[in-house]
1. Pull up the range 322-344, narrow it to residues that are farther than 20 Å from residue 44 by Cα and not hydroxyl-bearing (Ser, Thr, Tyr), then point me to the one that is farthest from the ligand (Cβ to nearest atom).
2. Quick one: is residue 207 at pLDDT 85 or above and outside the structural domain of residue 359 (by TED's automatic domain parsing)?
3. Which residue, of 123, 111, is among the charged types (D, E, K, R) and part of a loop (DSSP other than H, G, I, E, B)?
4. Return a yes/no flag: does the range 301-311 have any residue that is hydroxyl-bearing (Ser, Thr, Tyr), touching a residue at least 12 places away in the same chain (Cβ under 8 Å) and buried (at least 24 other Cβ atoms within 10 Å of the Cβ).
5. From the list 322, 315, 302, exactly one residue is in the same structural domain as residue 359 (by TED's automatic domain parsing) and over 18 Å from the mean Cα position of the chain (by Cα). Which is it?
6. Buried (at least 22 other Cβ atoms within 10 Å of the Cβ) and not basic (Lys, Arg): which single residue out of 367, 346, 359, 339 fits that description?
7. When the residues of the range 304-321 are narrowed to those that are in contact with a Gly (Cβ under 8 Å, 6 or more places away or on another chain) and aliphatic (A, V, I, L, M), which ends up farthest from the ligand (Cβ to nearest atom)?
8. For the range 166-187, give me each residue that is surrounded by fewer than 19 Cβ atoms within 10 Å (Cβ to Cβ) and in contact (Cβ under 8 Å) with a residue 60 or more places away in the chain.
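The values are calculated or read from the model by the stated rules, or taken from the named source; none is laboratory data. This is a predicted model, so every value here is computed, not measured. Here the Cβ positions follow ideal geometry from the backbone for every residue, glycine too, while neighbour counts run over all protein chains shown.
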Amino acid sequence: MKRLLVFGAVIAVLAVAIGVLPLLALTMPPGAPSSCLKAGRVVHVPEELAATTGDGTGVALDHAQLTHAATIITIGARIDGVGRKGLLVALMAGLTESRLRMYANTGAYPDSARYPHDADGSDHDSLGIFQMRPAAGWGTVAELMDPAYQARAFFGGPTGPNAGSPRGLLDIVGWASLPKGAAAQAVEVSAHPDRYATWEPVAETILTALTAPASPAPGTSSPTVGSTLPTATTTVFPLPAGTWTRTSSYGMRLNPVLQIWQVHTGVDLAAPTGTPVLATAAGRVEFAGYRTGRGNQVVVEHLVGGQVVASSYGHLRDGGIHVATGDLVSAGQQIGGVGSTGNSTGPHLHFEIRPGGAGNTGVDPHGWLSSAAEVTAADVDPLGPCPVVTP
Ligand SMILES: [Zn+2]
């Protein structure tokens, strides 16, 4: 709960910092070209990955490290001006500072142990993947124990949480013309400027492995969903606050189109056509396409407390599916736009929750929605999906 409150505080700051975005997000015409950077979209987080540093040392990265890398790539790819080079700089910095591990620092901050972490360190009062110090103004302990916050702070720029002090990558004038190692050093202000460059080949290997489409060998089935699903830690309401009205609840009802009594397996949330539809939690897209009845539909599978749960978003407008099957999505990411396709009498979102996965029976999403943080339009990323880059 505390983390949700902190999340809300960050959102409030962001909302002020990017005050014009709510209008953009809500008035973008259907199918508007996104300003997506094409820097890379995470499509696959391997269980492990072998790489070699610039001085020939072999390194083995595990799933936890690669998940943090995925967070860095996902956030950086959606910030204007970062590009592929900026993603590499951030990965090099994370590898150098922490080997891409979330560090608590119980010597300086006993409280830091309350947040998910991979290890406990003791370098000054440094925390997390980028070893950011609350004492240096990077953020509070709660903020810095969030990998996504660390990534946003590292990239900085107009949408960063620190408004240029301390400086993130985008706040460093001319960073793009610096060698990557020097750019990483400029953000980290480290006592050991030379060590970043040696991680560049490892950063390249990670970025390529996570953003290249996974191509299973012929005859093999796709990887089991559970093994590659990110763990969902935050739930958000599937529509921005203030945009929707609940028009039908879960349960028996007279189907307004078919005029027969049947179980309504989700909730209907009426909202204007094109209203951003948000992934209710981090997960992987299980289905994105057209189905009779549901119309344009996106189904996302999540891992919540070790259990697979599917969320489903129906009746999306034509051209309003912003993700593809297999995509990894973050909580609150825009995955589509409200519409009225399929059996529908007006623009609304039909939202379902199916414990156990997409093939299972739906339950009343009420509990799920009541625990979901309301998201304002300002939080909705107007950029839409990022296409996969071919290195
Ligand atoms: Zn419905």
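1. For the range 322-344, the residue satisfying everything is 337.
2. Values: at pLDDT 85 or above: yes; outside the structural domain of residue 359 (by TED's automatic domain parsing): yes.
Yes.
3. Values: 111 fails: part of a loop (DSSP other than H, G, I, E, B).
Of the residues listed, the single one that is among the charged types (D, E, K, R) and part of a loop (DSSP other than H, G, I, E, B) is 123.
4. yes
5. Checking each option against the conditions leaves just 315.
6. 339
7. Ranking the candidates gives 308 first.
8. 176 - this is the single residue of the range 166-187 that is surrounded by fewer than 19 Cβ atoms within 10 Å (Cβ to Cβ) and in contact (Cβ under 8 Å) with a residue 60 or more places away in the chain.
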